[in-house]
Amino acid sequence: MATIQEQLIEKGVKKGLEQGLEKGLAQGQRATLYQLLRRKFGNAADRVKARVDSATPAEVTIWLDRILFATTLDEVFTE
């Protein structure tokens, strides 16, 4: 039987791993979006790097969908 301290440590480790995975996934999605923007729109994508870096995971998901059909950089980010 694990002590309360061991249970708390295990819970903390699990939570830390989950948060790390979420953060890593978000960073990967941002990197993918930025790479696609650069491929599709060239150096013009550089002007939106800060926006991509500060975006929420939900925003990045939306923009990843939009990039497929966007013909301009602005179409990716238009609400």
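So the values come out like this:
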| quantity | calculated |
| --- | --- |
| In the stretch 48-69, the residues that are part of a helix (DSSP H, G or I) and among the hydrophobic types (A, V, I, L, M, F, W, C) | Val48, Ala50, Val52, Ala58, Val60, Ile62, Trp63, Leu64 |
| Failed item, numbered, when Gly20 is tested on (1) exposed (fewer than 12 other Cβ atoms within 10 Å of the Cβ); (2) at pLDDT 90 or above | (2) |
| Set Ala45, Ala26: member being assigned to a helix (DSSP H, G or I), closer than 20 Å to Phe77 by Cβ, of a type in the set (A, V, I, L, M, F, W, C) and at pLDDT below 85 | Ala45 |
| In the stretch 1-39, the residues that are among the hydrophobic types (A, V, I, L, M, F, W, C) and in contact with a Leu (Cβ under 9 Å, 6 or more places away or on another chain) | Leu33, Leu36, Leu37 |
| Matching option when the condition is small (Gly, Ala, Ser) and surrounded by 10 or more Cβ atoms within 10 Å (Cβ to Cβ), among Ala44, Ala50, Ala58, Ala2 | Ala44 |
| Of all residues making up the stretch 61-79, the number that are surrounded by 10 or more Cβ atoms within 10 Å (Cβ to Cβ) and over 14 Å from the mean Cα position of the chain (by Cα) | 9 |
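The values are calculated or read from the model by the stated rules, or taken from the named source; none is laboratory data. This structure is a prediction, so every number in the text was calculated from the model and none was measured. Ideal geometry is used to build each Cβ from the backbone, glycine not excepted, and the neighbour counts take in all protein chains shown.
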